[in-house]
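Trainee: Structure below; questions to follow.
Just so it is clear, none of the values below were taken in a lab; they were calculated from the coordinates. Just so it is clear, the model here is predicted, and its values are computed rather than measured. Don't worry about glycine lacking a Cβ; one is built from the backbone with ideal geometry, like all the others, and counts go over all protein chains shown.
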Amino acid sequence: MSTRCAAALNAALAEALERWDETLLLGEDLADPYGGAFRITRGLSTRFPDRVLSSPISEAALFGVSAGLALRGRRPVLEIMFGDFITLGLDQVINHIAKFREMYDEQVRVPLVVRTPMGGRRGYGPTHSQCLEKLLVGIPGLTVVAGSEYHDLHRLLLAAIASDDPVFFIENKLLYSRFQQRGRDGRLGPFLWEEGDSTYPTVQLRAADRCSVSVVTWGGMAHLARQAAEQLAIEHETMIEVLILSRLAPVDLTPLLASVRRTGALVVAEEGTLTGGVGAEIVARVQHEAFSSLRGPARRVAARDAVIPAARHLEDAVLPQVEDITDACLAAAAGTEH
Amino acid sequence: MPRLYVERDDANSESATLVAWLVPDGQTVAPHQPVAVVETSKATVDLLAPASGVLRHGVQEGAEIDFGATLGWVLAPGESLPTAKEAGRATADDAPAPVEDLQPTRAAARLLEQAGIDPAAIGSHGFITERDVRAYLDRQRARTAPLRALEGIDLEGLSLPDGLTDADRGRLDPSFVSRLRADGEGFRHLPSEEKIAAYREQGAAIADGVQLGPGSLLIAPRLIIGRNSRIGPETFADCAEQLAIGSLSHFGPRLELRARRAVFGDNIHAGRGITIGGGGHRDPWAVFVAGDLTFFGDEVFINVCRPVLIGREVFLTMRSIVVTHNIGHSPLEGFENRFAPVVVEDRAQVGMGCTLYAGVRLGREAIVGSNSYVLTSVPAGKLALGVPARVVTEARRTISPARQREVARTLVAELAEWLEARGERVERRADGAGFRVEREGAAYEVLYAETRDGLPQADPASEKVFVLLEGCEDPPPEGLLLELIPRRARGEATTFGHSVREYFRKRGIRFEPGPWRYTGGWI
Amino acid sequence: MDWRERVAAEGSRGDRTGHFEREFYRGIYLIRRLEETLLELFAAGRLSGTTHTCLGQEANAVAVAFHLTDADVVVSNHRCHGHYLARTGDLEGLLAEIRGLERGLCSGKGGSQHLCAPNFYTNGIQGGIVPLATGMALAEKQRGSGAIVTVFIGDGTLGQGVVYESFNIAALWAAPLLVVVEANGWAQSTPTPRAMAGSMRQRLEAFGLPCGMVEGTDALEIHRAAGAAVGQVRETGRPAGLIIRTQRLGPHSKGDDSRSPEELETLRERDPLPRLAASLDPEQRRAIEAECERRLAAALTATEGPL
């Protein structure tokens, strides 16, 4: 039986609570019967009443409380109901959580996981639809993970909870109802499938042995990139490699660099807004490491630098779509200037 | 028909869970009767029957259901379950939509349809591109290409090797082939195993046990060599398209081979200093084929600018010459200028120093006497002699059963003599049905009879070879059985058994199944 | 040996007359001299970066620290030298950290505002330490360690919203947390009346944190109030507050004091140190001071380092 991503995450939380007594879940509306705004903690407060805490609406304090718990030997998992709300706690993230280990010269560790859904395409409007990972990846001391249905989310979340350092675990909202997509025997559907063996692996979907573009993406965009890969193959016979990162910071671009050296072209696809996006950082690093392998300029697919409208047709116009990826790939494959 | 479904109750959830069916499948329900328990994000709710009728379950307990998707139906009298397709929509939610492992691109799909090809013929996974389909079609064409070069040639009477139609295997990296062609000197002096490893790495299909003699160099975009074949030293082969050699074939030193395609079957025996090629070896028709068990004597010369097709079990003995064209003055001045294939059908024999002229065909089991000059074809089963060669008689005499029995007995008796002459202790049976040899405390027996019933009692302790004139239905439970007239070998052969088989082979009796090669022993 | 241990040791020798006051004085005096020295070093260009001294507020730290056990946790703010010294007596480690030395508390990475030692943490962000301390208190409670967590903030910090979110959570989830507000009347250069409306005490009480209050600057009175507050948290296992009306005699940081000389003179009159000194036998007092000066000199020499 296939597993939906929501169930995989729920199972990981249950396993963490079961295995490690110091695990705690905190966040708004986590307790049953509600079980979290996206039902990821459903059933857990019933099984672990003392360790699943529904909190007041106080994100700023929750980040700090979680940090305090972590500094004193607990293993808190904080759920922030919408990724948009992390801004309320960024002082805690930047000046406390991410600092302690190094600032205190390795005298302490902060085993804290912050889970939060991000992303649009559900018509939630400007303040409940954003992908704000770009605000996090530039904070030294923070691990930023953004899983997708192509990663083993159960394993990924459990690894984050087992980590002794703070991890932001970003979950795209559309992920929850999707099924886990896991390859077997090096294949996933028509794609060649490969997954690194690191804790936070990069998954590769290659349309053929020899592809002409490397597309790197993560989170909710993985789904679109895979669709783009299928369309490009079927409609244009342009074969691409899709690399789905799971850890955005610190980012390991080794598989991507190997891919770019194979394909000679790079497209970065992210759901967050363009300017100052994570993709800018990736492009900068790839061009530094593999400039001579690139046939043309790296291309970026991202949301327009705009507020995400509530109306679906307006939202679609702001957020990156499959066609944006296919267009970028066709241009990159041709190696032409934009 | 009324269907059961869950209404969406909040903005953040996409699905609910079917906790339990309250009414079993197939039971009658009343309107508003609770029939299922569903857990949504907000609460656990009962799902009520929308009408009276027979409840049919659409999904299993524990399944996640998208809002609005069908869980089941309430059938009115006379209604039946929806079609599988409709039902599938309801249950598809238990698992992700299936993904096709094999997906032709749009262009490929068009081409496949035009050509009437099943995508599964091209692969089992991945995207099939137009190029893949074209390559497949090319391969299909390539498979028949040699036969196209052979167009107009009657292939009756010829057993040609499989390698001729094997268009897929052994494809080498083209840059490697060009490098070999440009500068193969260093490569040809590598040890055999290094050369073979390099060929294999570049794509050649070379089986185990193959040896490439010192100083040998093979150049071909597709290279296939069967197991345990040996290529002698200082061999040079350059084929524009393909070189294929079957299993257990042996080539003596200094073979020189040039053709577009050269395909040898299994169990070929080729002597030393053989030249295949000559002028026009790059012609599109420059195809050379030799069937299984064919023998090439020393210094045979074969010119290939038109097909040279040699069948199975053919003997082309020492210094034979085969030409597919002549050389001379203008045909407009009335001189002969001829380009034509040469065909030697199965089991034909060419004596020493013969010349087969362009366009000649030797029929099945035809024989050409030594030093003949063959200008016209020789029909099957005829013996031709002379310069120019003329049919003089039948290639084989009619042999009576009595004579067959006599020959067989003589062959067995001569084997005994042969072994005795080699210094073995041979003890002949009093009934004439074979003999026994003792060597280093072990006993060996050759037991001869005309039929299975006539076989004498064997020594249980000896290693046995049974020789029967006729075939039989029930071979003895142990030892090697050699049936002379059907030319069939059965059972397990030991060194002694192989030696007896080799004795008969030297006398023209080649047993099936092959390929087989004698690797030494008593003889 | 920190001053609590000295009090205990002297007590056991039976000579209890004035010993508590002497040790209290020793604690305050050492902090005072360190802070003065730091300002001198800055003035002389021998320290880089920044520092926030607690001149005039030393008694608060010494008084609270007296009532804590080793297992208790202290979380402090940018003005943390006094809290650290009162808690640990580790003059050399602190000085080394401020001077950026490898053997500083945090190898020089933290500096003046970011100290860490067993059960002791400080950070330079206003307000952020309150939820942190709340979480720590919850952790101690969950672990059943019996320890309480004390967080030091100033009256200026009461302008941060997260403080109240934390009071709410601490009360809601019963965190053994003591919030000590050192109300020195100034938020950097802004007088508290211009930065805070309503009642300071009611701000805590509104969340159900019982709140002690020390209006005067008498060291012994502070000591008693601290004892009561610590005792309350320990007994109830729930959060409580203690507001100490104190005075900052030095600048907010260094050389950035915009207050008038007259005003500073008024504040100096409320300085608990001279009053405590006056209550001691002059000879004993001089001996304490001399010892503190020796320790300070030794620590300075030991941390001369690459300045």
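Trainee: For the stretch C:90-187, just say rounded, prolate or oblate: build the C-alpha gyration tensor, square-root its eigenvalues into a ≥ b ≥ c, call rounded for a/c under 1.5, and beyond that prolate if a/b exceeds b/c, oblate if not.
Mentor: Oblate shape, in that a/c is at least 1.5 and b/c is the bigger or equal ratio.
Trainee: Could you work out how far the C-alpha centroid of the stretch C:60-128 sits from that of the stretch A:13-28, in angstrom?
Mentor: 32
Trainee: Give me the three principal axis extents of the stretch C:209-263 from the C-alpha atoms, as integers in angstrom, largest value leading.
Mentor: Cα extents, longest axis first: 44, 20, 14 Å.
Trainee: Collect residues whose amide H, placed 1.01 Å from N in the peptide plane, falls under 5 Å from the amide H of residue B:313; neighbours closer than 5 in sequence don't count.
Mentor: B:292, B:293, B:294, B:347
Trainee: Which order results if A:134, B:506 are arranged by neighbouring Cβ count within 10 Å, fewest first?
Mentor: With the fewest neighbours first, A:134, B:506 line up as B:506, A:134.
Trainee: Per Stokes-Einstein, at 10 °C and 1.306 mPa s, what whole-number D in µm² s⁻¹ belongs to the stretch C:140-241, with the Kirkwood radius over Cα pairs as the hydrodynamic radius?
Mentor: Estimated diffusion coefficient is 112 µm²/s.
Trainee: Moving on to the next point. For B:251, C:207, what's the fewest-to-most ordering of other Cβ within 10 Å of each Cβ?
Mentor: C:207, B:251
Trainee: Okay, moving on. Place a point 7 Å from the Cα of residue C:172 along the Cα-to-Cβ direction; which residues of the stretch C:106-135 have their backbone N under 20 Å from it?
Mentor: Flagged as within label range: C:127-135.
Trainee: Output ³J(HN,Hα) for the stretch A:154-167: one whole-Hz value per residue in order, computed from phi by the Karplus curve 6.51 cos²θ - 1.76 cosθ + 1.60 with θ = phi - 60°, and x for Gly and Pro.
Mentor: Values per residue, Gly and Pro as x: 4, 5, 5, 5, 4, 5, 5, 5, 6, 5, 8, 10, x, 10 Hz.
Trainee: Now a separate question. Between residue C:205 and residue A:32, what FRET efficiency follows from the Cβ-Cβ distance if R0 is 30 Å, with the result rounded to 0.05?
Mentor: With a Förster radius of 30 Å, E is 0.35.
Trainee: Here's a follow-up. Suppose only helical runs count, i.e. DSSP H with n ≥ 4. What mean residue ellipticity at 222 nm does that imply for the protein assembly as shown under -39500 (n - 2.57) per run, divided by all residues and rounded to the nearest 500 deg cm²/dmol?
Mentor: Estimated from H runs of four or more residues: -9000 deg cm²/dmol.
Trainee: Could I ask something else about it? Would you mind giving the three semi-axes, in whole Å and largest first, of the ellipsoid equivalent to the protein assembly as shown according to its Cα gyration tensor?
Mentor: For the protein assembly as shown, the semi-axes come out at 94, 37, 31 Å.
Trainee: Okay, moving on. What order do you get for B:446-458, C:19-31 when each peptide is scored by the mean count of other beta carbon atoms within 10 Å, highest first?
Mentor: Listed from highest to lowest mean packing, they are C:19-31, B:446-458.
Trainee: In the calculated pair distance distribution of the stretch A:159-275, what percentage of Cα-Cα distances lie above 16 Å?
Mentor: For the stretch A:159-275, the share of Cα pairs beyond 16 Å comes to 62 percent.
Trainee: While we're here: Quick one: net charge around residue B:436, please, counting Lys, Arg +1 and Asp, Glu -1 for every other residue with C-beta under 11 Å from its C-beta.
Mentor: That sum, taken over residues with Cβ under 11 Å, equals -1.
Trainee: Would you mind checking the radius of gyration and Dmax of chain B based on alpha-carbon positions, in Å?
Mentor: According to the Cα coordinates of chain B, Rg and Dmax are 36.1, 108 Å.
Trainee: Same structure again: Let me have the relative contact order for chain C, percent, based on Cα pairs under 8 Å that are six or more residues apart.
Mentor: Worked out over chain C, it gives 22 percent.
Trainee: Calculate one ³J(HN,Hα) per residue across the stretch B:430-438 by plugging θ = phi - 60° into the Karplus curve 6.51 cos²θ - 1.76 cosθ + 1.60, and present them in order as whole Hz with x for glycine and proline.
Mentor: 5, 7, x, 8, x, 7, 10, 10, 10
Trainee: Over the stretch A:187-333, what is the relative contact order in whole percent, taking alpha-carbon pairs under 8 Å and six or more residues apart?
Mentor: With pairs under 8 Å counted, the relative contact order is 24 percent.
Trainee: At q = 0.14 Å⁻¹, what log₁₀ I(q)/I(0) does chain A have when each alpha carbon counts as one equal point scatterer in the Debye sum?
Mentor: For chain A, the Cα-only Debye profile gives -1.09.
Trainee: Going by C-beta contacts inside 10 Å, put A:38, C:167, B:187 in order with the fewest on the left.
Mentor: Sorted ascending by nearby Cβ count, the order is B:187, A:38, C:167.
Trainee: According to the Cα gyration tensor, what semi-axes, each the square root of 5 times an eigenvalue, does the equivalent ellipsoid of the stretch C:3-302 have, listed from largest to smallest in whole Å?
Mentor: They are 28, 23, 20 Å, listed largest first.
Trainee: To check you understand DSSP bridge types, tell me what percent of the beta bridges within the stretch C:3-302 (both residues inside) are antiparallel, rounded to 5.
Mentor: Percentage antiparallel, nearest 5: 15.
Trainee: In addition: Name the residue farthest towards the positive end of the dipole of the protein assembly as shown from the options A:314, A:124, B:340, assuming +1 on Cβ of Lys and Arg, -1 on Cβ of Asp and Glu, about the Cα centre.
Mentor: The one lying farthest along the dipole's positive direction is B:340.
Trainee: Assign unit charges at the C-beta atoms only (+1 for Lys and Arg, -1 for Asp and Glu), then state the dipole size of chain B relative to its Cα centre in Debye, rounded to the nearest 20.
Mentor: Here chain B has a charge dipole of around 2800 debye.
Trainee: Next up: Along the Cα→Cβ direction, 7 angstrom out, place labels at residue A:2 and residue B:101. What is the inter-label distance in nm?
Mentor: The answer from the label model is 1.6 nm.
Trainee: Related question: Give the long-range amide H neighbours of residue A:26: residues separated by 5 or more places, or on another chain, with amide H under 5 Å away, using H modelled in the peptide plane at 1.01 Å from N.
Mentor: HN-HN under 5 Å from residue A:26: A:53, A:77, A:78, A:79.
Trainee: Quick one: which residues, 5+ away or cross-chain, put their amide H under 5 Å from the amide H of residue B:219? H built at 1.01 Å from N.
Mentor: Placed amide hydrogens put B:237, B:238, B:239 under 5 Å from residue B:219.
Trainee: For chain C, modelled as a GNM with alpha-carbon contacts under 10 angstrom, which of C:34, C:85, C:172 fluctuates the most?
Mentor: It is C:172.
Trainee: If you split all Cα-Cα distances of the stretch A:5-175 into 5 Å bins from zero, what percentages do you get per bin, shortest first?
Mentor: Percent of pairs per bin, in order: 2, 9, 19, 24, 23, 15, 6, 2, 0, 0.
Trainee: Where the centre of each part is set by its Cα atoms, how far does the stretch A:266-338 sit from the stretch A:199-259, in angstrom?
Mentor: Using only Cα atoms to place each centre, the spacing works out to 13 Å.
Trainee: For a test of understanding, tell me how many lysine pairs in the protein assembly as shown have Cα atoms under 28 Å apart, given they are 8 or more places apart or on different chains.
Mentor: 10
Trainee: Would you look at the GNM of chain C, springs on alpha carbons closer than 10 Å, and say which of C:65, C:290, C:183 moves the most?
Mentor: Of the options given, C:290 has the highest mean-square fluctuation.
Trainee: Okay, next question. May I ask for the net charge around residue C:173, where only other residues with Cβ less than 10 Å from the Cβ of residue C:173 are counted and Lys, Arg are +1 while Asp, Glu are -1?
Mentor: +2
Trainee: Using a 10 Å cut-off on Cβ atoms, rank the peptides C:235-241, A:178-184 from the highest mean neighbour count down.
Mentor: Descending mean neighbour count gives C:235-241, A:178-184.
Trainee: Would you be so kind as to identify which of B:451, B:278, B:176 lies farthest towards the positive end of the dipole of chain B, taking Lys and Arg as +1 and Asp and Glu as -1 on Cβ and the Cα centre as origin?
Mentor: Value: B:278.
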